[in-house]
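Asks: One structure, pasted below without further comment.
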């Protein structure tokens, strides 16, 4: 009976047997890399939007406070995306004929909402609340990254659970004074650890066991 | 949710050898000398089915096929499962859109719910509600604390009505002769009709409504009748209060409305009245009643409740003395009582009922006479006018009128004998006097008395066999209703009705208080309200329901700042100053009723008709929450039954599930039998509301239609029913012996029942309690905290816990629906219920104590105990159920892989597993119903009560934003909030001043199965009874 496989397949089979461990590691590493890649995490990927809204221009150059548009960030779980009217409060006066802003004017004319693409998304089983993070000294840029430098908004962090837990385990490394929450240019001071430990006490931030309790975020 | 899924019934599941042997059961109970508590007849008979449910967590999981899968294959499957399980973690999130408003409404903060006051008209009468709305979509119904008929509680019907709003089976278009049409086409038809009828002055024009208490709608109808003076307005409510009204007319010569002040009553006698759970004012009555028997310490006092009734009811189970009497005997009892109290007994020869001990009646009489002005005698809505009239005169003789029994003007806009009113309409149709019939709501072709033969008037039978059907005598039939039902099918026009959460309106509560019905959402399917229909009929088709209601009250209340008054009324949910003033009515000098419909019968077995405890008169047939809600006491779901006493069942030789034919006056009906401990002998109870043929996907074709036997002269009870055995059996799905906690510790040698009974229910009389306040306390050895391998955990900060006062629980099911609505709990269907897979997170365990014929009944709501030493946590291989620093036993759906070890290890059997994809993920109209703060579970995960952790988190966040601690009362779990008697109290047990701590500090506090040292956070307070020491036995 003729051989089914060519002699060279022996080499292949030996390779795969002796190299099994490497193959498994490589496969695992590959999956890990894909999971961490911007394709999956969308980190640093600018999302196309109906209007190329620039946080860099509005926040850093014009100095508009975050809460002018994101009105419910201190009151509610959801920070709020501004209604068309908020955009038009300025843009009925300036850049009134800019073609870039046509979708905004069209929205007002037709009474149809602008459909923005969500940049910072969490899975449905995560119940994140903006208001309590603001209250406890977590600044906007801690999660949203250098928003004042983004001409078009991108996700700055993976928002994976282990990333959240980084702060929920050691909030002292990240919290800042309440006065600096909405400062997009804030840089942590050199004595962050000492300041953070002080703030954790003053702001009555809960201990690690409570912050990492499952129902803090899931229910 | 199982919309669109067919229910396959398990035929032949019942094993004939397992049929209950009532003789043996009686013997066993005798042996236990009345001290044993039991939950069902199956338990007493120790049937195999019962044992399966007791000892196996999931008795109906098919046996695993052993020997067919090789070891290799098993390993392959394991490897593949592990690989796939790992891969699911790598899902890329789908891209989402954010769609902000163009102009943001002023009040809405995205992510925060808003609450609006409104009212639900139930049988025409309002209950005040507060409805939670998320971004414009109503999600949860709660009671309105400012409304006198609610005080913050809501019953099962009101809470489940939100599911009806989103029901995908609601009609979505106007139809004409069954074909799609439009509202404007209908308006054209109305214009033609008006032109024609204005000439005839409305001759041949008839309106049929349900009970109307709405002042603005009544005003519209009156205006309409002015335009068409020859037209007539009929009303019909199948489970209406005709006999109540007639009873007041007999006693006082005019229609009056009666309501009761249970907060002033120390002795109550209920004549077959389920006043705690059903009827207008029930929520308020339950609260006042429970407040009068709330125990704080051993000096507390309790009111006393005597009940005589035919069918076991929630009120009967709260009674200190209860006697099961047939309908005839109840009237006799009332007459005897009236005579002995010196009241007008109606001048009829009196027969003292046999079912009640001879010494009892004089004792009751003495007790009532000792409480003149602080007692209440009340008759049930289904009692004959004679019994009602007797109750009125007894109250008069006792000086209760104006004190505990309040009379006012009728709350109905047009009080009438509705059964007679419908009869007149039927007679007019028969003689061809009705040309146009406009039916507003209701379903008369399904629920009218059988002797009116309304269906054949709408859809006449051929005059010769096989011949053509003649045309209906009514030329034009118009039906406005929520569902396209049995009546709509035979009407020319069907207009979809707007749900009460979609339309403006108003209605009166039990004491006359007006509430504005405020819509929460624009009509989903372009439904129209009765107001809009009458506006069109009166020639003002453009007028909105809002304007009609608003302007009506503007004309009534000629006050300066009307808009402020209107806004305040909307905000509060009650219109100030609209409750009727109490009125003093002298009883008619000498009335004489020859007895009600019940005493005219010739003997034999009596049949009793009752509205169903969960689907009422059939109006809620297509509501999955209510269909699956275990009915009080029987715990039956998805069906109705013919209830018999054990004695009568024994005599007739019938058992549970056996189909019998009921014959009454030439009409017949087939129904499955249910043996109900505590039912009156020689009496059979059937519930209305089932056997629908056109209810929707859920409600069609289940149960039997008891209306088929019901006639206009005997609407609630009739004598001389024949019961014929058919030999067939019918599978019933009930939860009575599912999720049972074993009462006996098996290890201990069996000596006597009481010696090692776990005492899941602890009961004493108030006398016994005063002598021994610690009777219910767990023994020392059962409460040692250090009996654990794990180091004790110190709960500083909040420690959540709950106390359940079984002394207040009336078993009304409000908490079960509240939980279902709050926590997105799915409906599983009859087949799944019967194999023990109902998903409710809270169940009302019902226990009986004593003999079969008249047992005492006890309720015990069981939810997750949140044990400090939780047996479920240790056995979870993936850490999906863990403990929080505040003492919550948490369930993490995303970690759960469905081993079900936790459920297997839970001594309280409170964990529920998603064997299938029970939650409806596809029906678009059900998406907005869900609570956005609770995960909608998928197939293969375990779930259970979370103590409404979403509410705890919301309150904690709110308190921290306001720089304070959570205050007692900030967090109410859904079950607690809906409870009419405040039997459930939740709070922080680390705070000694919280309500829950104070309750747990009472000597009545005990834990379930404490000897397992689970240290449950949910504890129970023992039930007390206040029997009259002069009545023995």
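Derivation of every value follows stated rules applied to the coordinates shown; laboratory data play no part. None of the values given here were measured: they were computed from a predicted structure. Backbone-built Cβ (ideal geometry, glycine too); neighbour counts: all protein chains shown.
Asks: Compute the length gained on full extension between residue A:85 and residue A:65: take 0.36 nm times their separation in residues and subtract their Cα-Cα distance, giving the result in nm to one decimal.
Replies: On the way: separation 20, 0.36 × 20 = 7.20 nm, distance 1.69 nm.
Full extension from residue A:85 to residue A:65 adds 5.5 nm.
Asks: Name the residues of the stretch B:880-900 whose amide N is less than 17 Å from a point 7 angstrom out from the Cα of residue A:124 along the C-beta direction?
Replies: Under cut-off, by backbone N: B:893-896.
Asks: What's the Kirkwood radius of chain B in Å, using all Cα pairs? Present the calculation step by step, with values, prior to reporting the outcome.
Replies: Working: mean 1/r = 0.0331 Å⁻¹.
For chain B, the Kirkwood estimate is 30.3 Å.
Asks: While we're on this one: Report the Rg/Rh value for the stretch B:867-1006, based on alpha-carbon coordinates and the Kirkwood definition of Rh.
Replies: 0.99
Asks: While we're here: Please arrange B:960, B:246 by counting, for each residue, the other beta carbons lying within 10 Å of its beta carbon, fewest first. Could you put the intermediate results ahead of the total?
Replies: Details: B:960 19, B:246 22.
Lowest to highest Cβ neighbour count: B:960, B:246.
Asks: Also, I was wondering about something else. At 37 °C and a viscosity of 0.692 mPa s, what translational diffusion coefficient does Stokes-Einstein give for the protein assembly as shown, taking Rh as the Kirkwood radius over Cα pairs? Give it in µm²/s as a whole number. Present the calculation step by step, with values, prior to reporting the outcome.
Replies: Details: Rh = 33.7 Å.
For the chosen part, D equals 97 µm²/s.
Asks: In what order do B:638, B:800, B:493 fall by count of nearby beta-carbon atoms within 10 Å, going from fewest to most?
Replies: On the way: B:638 28, B:800 25, B:493 20.
Listing B:638, B:800, B:493 from fewest to most nearby Cβ atoms yields B:493, B:800, B:638.
Asks: Can you tell me how much longer the chain between residue B:369 and residue B:183 gets when fully stretched, taken as 0.36 nm per residue apart minus their C-alpha distance, in nm with one decimal? The partial results should precede the final answer.
Replies: Numbers: separation 186, 0.36 × 186 = 66.96 nm, distance 6.18 nm.
Residue separation times 0.36 nm, minus the Cα-Cα distance, leaves 60.8 nm.
Asks: I want to check the label-to-label distance for residue B:526 and residue A:201. Put each point 7 Å from Cα in the C-beta direction and report it in nm to one decimal.
Replies: So the two model labels end up 6.8 nm from each other.
Asks: Follow-up question, since we're still on this one. What nm distance separates the two modelled labels at residue B:995 and residue B:459, each placed 7 Å from Cα along Cα→Cβ?
Replies: Distance between label points: 5.1 nm.
Asks: Using DSSP, restrict attention to beta bridges with both residues in the protein assembly as shown and report what percent are antiparallel, rounded to the nearest 5.
Replies: Details: 72 of 122 bridges.
If we restrict to bridges inside the protein assembly as shown, about 60 percent are antiparallel.
Asks: Let me know the shape class of the stretch B:278-343, please: from the alpha-carbon gyration tensor, a ≥ b ≥ c as square roots of the eigenvalues, rounded when a/c is under 1.5, otherwise prolate if a/b is greater than b/c, or oblate. Could the numbers behind the result be given before it?
Replies: Values: a/c = 2.10, a/b = 1.64, b/c = 1.29.
It comes out prolate by the Cα gyration axes.
Asks: Right, here's the next one. Per residue, how much space in cubic angstrom lies within the convex hull of the C-alpha atoms of the stretch B:764-923? Provide the component values of the computation, followed by the final result.
Replies: Values: hull volume 30.5 nm³, N = 160.
Dividing the Cα hull volume of the stretch B:764-923 by its residue count gives 191 Å³.
Asks: If you don't mind, another one. Report the residue, chosen from A:199, A:101, A:15, that carries the largest GNM mean-square fluctuation when chain A is represented by alpha-carbon nodes joined by springs under 10 Å.
Replies: A:15
Asks: What share of all Cα pairs of the stretch B:426-545, in percent, falls into each consecutive 10 Å distance bin?
Replies: Per 10 Å bin, starting at zero, the Cα-Cα P(r) for the stretch B:426-545 comes out as 12, 34, 30, 17, 5, 1 percent.
Asks: Can you give the mean number of other chain Cβ atoms that lie within 10 Å of the Cβ atoms in peptide A:25-38?
Replies: Working: counts 0, 0, 0, 1, 0, 0, 4, 1, 0, 2, 3, 0, 0, 0.
That works out to 1 on average.
Asks: Here is a follow-up. Taking the Cβ-Cβ separation of residue B:52 and residue B:693 as r and a Förster radius of 35 Å, what is the calculated FRET efficiency to the nearest 0.05? Walk me through the numbers on the way to the answer.
Replies: Working: r = 35 Å, r/R0 = 1.01.
Result of the calculation: an efficiency of 0.50.
Asks: Separate question: Specify the residue with the greatest mean-square fluctuation among A:156, A:184, A:21, computed from a Gaussian network of chain A linking alpha-carbon atoms under 10 Å apart.
Replies: Judging by the Gaussian network model, the answer is A:21.
Asks: Let me ask another. When the Kirkwood radius is taken over all Cα pairs of the stretch B:370-409, what Stokes-Einstein diffusion coefficient follows at 37 °C and 0.692 mPa s, in µm²/s? Write down the numbers at each step before the final one.
Replies: Numbers: Rh = 10.3 Å.
Translational D for this selection: 318 µm²/s.
Asks: Hey, what number do you get for the protein assembly as shown at 222 nm if only DSSP H runs of n ≥ 4 count, each worth -39500 (n - 2.57), divided across all residues, to the nearest 500? Write down the numbers at each step before the final one.
Replies: On the way: 41 runs with 353 residues, N = 1252.
Theoretical 222 nm ellipticity from helices: -8000 deg cm²/dmol.
Asks: Right, next: Give, in nm to one decimal, the length gained when the segment between residue A:95 and residue A:163 is fully stretched (0.36 nm per residue of separation minus the Cα-Cα distance).
Replies: Numbers: separation 68, 0.36 × 68 = 24.48 nm, distance 4.00 nm.
The residue A:95-residue A:163 span can extend by a further 20.5 nm.
Asks: Could you check the spin-label model distance between residue B:358 and residue B:291? Points 7 Å from the Cα along Cα→Cβ, value in nm.
Replies: 4.3
Asks: Shifting gears a bit: How are the alpha carbon pair distances in the stretch A:134-219 distributed across 5 Å bins from zero to the largest one, expressed in percent?
Replies: 3, 14, 22, 24, 20, 11, 4, 1
Asks: Then there's this: With viscosity set to 0.890 mPa s and temperature to 25 °C, compute the Stokes-Einstein D of the stretch A:39-143, Rh being the Kirkwood radius across alpha carbon pairs; µm²/s, no decimals.
Replies: Details: Rh = 15.6 Å.
It diffuses with D of about 157 µm²/s by this estimate.
Asks: Right, next: How much FRET efficiency would the formula 1/(1 + (r/R0)^6) give for residue B:780 and residue A:44, where r is the Cβ-Cβ distance and R0 is 60 Å, rounded to 0.05? Can you show the working numbers first?
Replies: Working: r = 64 Å, r/R0 = 1.07.
Working from the Cβ atoms, E equals 0.40.
Asks: Related question: Relative to the longest principal axis of chain A, what angle (0 to 90°, nearest 10) does the C-alpha long axis of helix A:20-36 take?
Replies: Roughly 10 degrees, rounded to the nearest 10.
Asks: With both partners inside chain B, how many of the DSSP beta bridges are antiparallel, as a percent to the nearest 5?
Replies: Working: 69 of 118 bridges.
Counting DSSP beta bridges with both partners in chain B, the antiparallel share is about 60 percent.
Asks: Then there is this: Take the Cα radius of gyration of the stretch B:481-584 and divide it by 2.2 N^0.38 Å, with N its residue count; two decimals is plenty. Show your work: numbers first, answer last.
Replies: Numbers: Rg = 15.9 Å, N = 104, 2.2 N^0.38 = 12.8 Å.
In units of the 2.2 N^0.38 Å rule of thumb, it is 1.24.
Asks: Using alpha carbons only, what's the Rg to Rh ratio of the stretch B:830-895 with Rh from Kirkwood? Kindly include the intermediate steps, with their values, before the conclusion.
Replies: Numbers: Rg = 16.9 Å, Rh = 14.9 Å.
Over the Cα atoms of the stretch B:830-895, Rg/Rh equals 1.13.
Asks: Rg to Rh for the stretch B:130-192: what is it, with Cα atoms only and Rh by Kirkwood? Write out the running numbers ahead of the final one.
Replies: Values: Rg = 17.8 Å, Rh = 14.7 Å.
Here Rg/Rh amounts to 1.21.
Asks: Past the 22 angstrom mark, what percentage of all C-alpha to C-alpha distances in the stretch B:133-236 do you count?
Replies: Details: 3193 of 5356 pairs.
Percentage above 22 Å: 60.
Asks: For the stretch B:131-263, give the share of DSSP beta bridges that are antiparallel, in percent and rounded to the nearest 5; count only bridges with both residues there. Walk me through the numbers before you get to the answer.
Replies: Details: 7 of 11 bridges.
For the stretch B:131-263, the DSSP antiparallel bridge percentage is about 65.
Asks: Which order do B:565, A:5, B:986 fall in if you start with the one that has the fewest other Cβ atoms within 10 Å?
Replies: Working: B:565 17, A:5 9, B:986 27.
Listing B:565, A:5, B:986 from fewest to most nearby Cβ atoms yields A:5, B:565, B:986.
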